[in-house]
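**Q** Below you will find the structure I want to go over with you.
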Amino acid sequence: MPYIKSAALIVLDTILPERARAARVRKRSISDFSLVPTEHSLLNEKITTLLDYKDPGVSDLIRALKYERSGHAAKICAEALSDYLREELSSMRVFSARKIVLVPMPLHASRVRERGFNQMEKVFSYLPAECKDGSSSRTELKALRRVKPTPQQARLSRAERLKNVANAFEADAKSVAGTHIILIDDVTTTGATLASAAKPLRKAGAKVTLIALARA
């Protein structure tokens, strides 16, 4: 079965370094990480990243979140994200009456079954109440769906990444029309996934801001 094969490969290839990585991350707190918001122009999109992936501690953090289901890593990522969003949300509310909606980058259902969770939804679960209940913003986990299963982007060239995620997403027009969507991913490289995901949201009538925790 594909799932069993995939799980076996993950265990054989990464279980020892992952355990070491998880142990390192468990010793860290948000104070060990520097928030360095950086704007990138990728594929004609402005994408803001919050942490420096070249920092070994940050790469540990992201990989522990993504591959080890680390709740501690998710909590630190949520603290970094909420620290950045606090001032941004305040500014957005001053200049626009649009409701602000935080949306995690979705995974295809087959990837969720394989991995067992969506890492960005896990991060969202640790966000403070005011980011989720509408006080500053609200979260919406179903505003965007990944309707096309795609190979992992890390192994693809830039051209292949663009083709891979073309038409891969579908927005729930009812929940996003007239809103300001902040779409958040864990890592971006070329910006292909975020750029592709933004298209159906804008087509549905949303203003879109793109954020990734880090850029690899």
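**Q** State the answer as a single residue: which of 34, 178, 61 lies farthest towards the positive end of the charge dipole of the chain, with beta carbon charges of +1 for Lys and Arg and -1 for Asp and Glu, about the Cα centre.
**A** So the residue furthest toward the plus end is 178.
**Q** Which of 166, 143, 74 moves the most in a Gaussian network model of the chain with Cα springs under 10 Å?
**A** Top of the fluctuation ranking is 166.
**Q** With labels modelled as points extended 7 Å from the Cα through the Cβ direction, what inter-label distance (nm, one decimal) is found for residue 36 paired with residue 83?
**A** Here the modelled spin labels are 1.4 nm apart.
**Q** With 10 angstrom as the radius, rank 77, 131 by how many other C-beta atoms surround their C-beta, starting from the fewest.
**A** Working: 77 31, 131 23.
With the fewest neighbours first, 77, 131 line up as 131, 77.
**Q** In addition: Shape of the stretch 59-127 from its Cα gyration tensor (a ≥ b ≥ c, root eigenvalues): rounded if a/c is under 1.5, otherwise prolate when a/b > b/c, or oblate?
**A** The shape class here is oblate.
**Q** Can you give the relative contact order of the stretch 2-215 as a percent, counting alpha carbon pairs under 8 Å and 6+ residues apart? Before the final figure, lay out each step's value.
**A** Numbers: 336 pairs, mean separation 48.4, N = 214.
Relative CO of the stretch 2-215 lands at 23 percent.
**Q** Can you tell me the relative contact order of the stretch 92-153? Whole percent, Cα pairs under 8 Å, sequence separation 6 or more. Present the calculation step by step, with values, prior to reporting the outcome.
**A** Values: 55 pairs, mean separation 28.2, N = 62.
Computed over the stretch 92-153, the figure is 46 percent.
**Q** Per-residue ellipticity at 222 nm for the chain, helices alone: DSSP H runs ≥ 4 residues times -39500 (n - 2.57), over residue total, nearest 500 deg cm²/dmol?
**A** Values: 9 runs with 104 residues, N = 216.
It comes out at -15000 deg cm²/dmol, rounded to the nearest 500.
**Q** How much of the DSSP bridge set in the chain is antiparallel, in percent, rounded to the nearest 5? Walk me through the numbers on the way to the answer.
**A** Values: 9 of 28 bridges.
For the chain, the DSSP antiparallel bridge percentage is about 30.
**Q** I've got another one for you. Is the shape of the chain best called rounded, prolate or oblate, per the rule: a/c under 1.5 gives rounded, else a/b larger than b/c gives prolate, else oblate, with a ≥ b ≥ c the square roots of the Cα gyration tensor eigenvalues? Please report the intermediate quantities before stating the final value.
**A** Values: a/c = 1.67, a/b = 1.22, b/c = 1.36.
Note, shape of the chain comes out oblate.
**Q** Give me 105, 92, 120 sorted ascending by neighbouring Cβ count inside 10 Å, so fewest comes first.
**A** Numbers: 105 23, 92 18, 120 26.
Arranged by neighbour count, lowest to highest, 105, 92, 120 become 92, 105, 120.
**Q** Using +1 on the beta carbon of Lys and Arg, -1 on that of Asp and Glu, and nothing else charged, what's the dipole of the chain about the Cα centre, debye to 20?
**A** On the way: 37 positive and 23 negative charges, 128 e Å.
Computed charge dipole of the chain: roughly 620 debye.
**Q** When only Cα pairs under 8 Å and 6 or more residues apart are kept, what is the percent relative contact order across the stretch 21-140?
**A** Details: 123 pairs, mean separation 28.4, N = 120.
Value for the stretch 21-140: 24 percent.
**Q** Pick out, from 166, 85, 109, the residue whose Cα sits farthest towards the positive end of the charge dipole of the stretch 79-202, with +1 on the Cβ of Lys and Arg and -1 on the Cβ of Asp and Glu.
**A** Ranked along the dipole, the leading option is 166.
**Q** Report, in order of residue number, the helices in the chain meeting two criteria: a C-alpha extent of 15 Å or more along the helix axis, and a mean Kyte-Doolittle hydropathy of at least 1.6; treat each whole DSSP H run as one helix.
**A** Helices meeting the criterion: none.
Any read-out appearing in this document is the output of simple, stated calculations on the displayed coordinates, not a laboratory observation. Computed from a prediction, not measured in an experiment: that's the story for all the values here. Quick reminder, even Gly has a Cβ in these numbers, built from the backbone with ideal geometry, and neighbours come from all protein chains shown.
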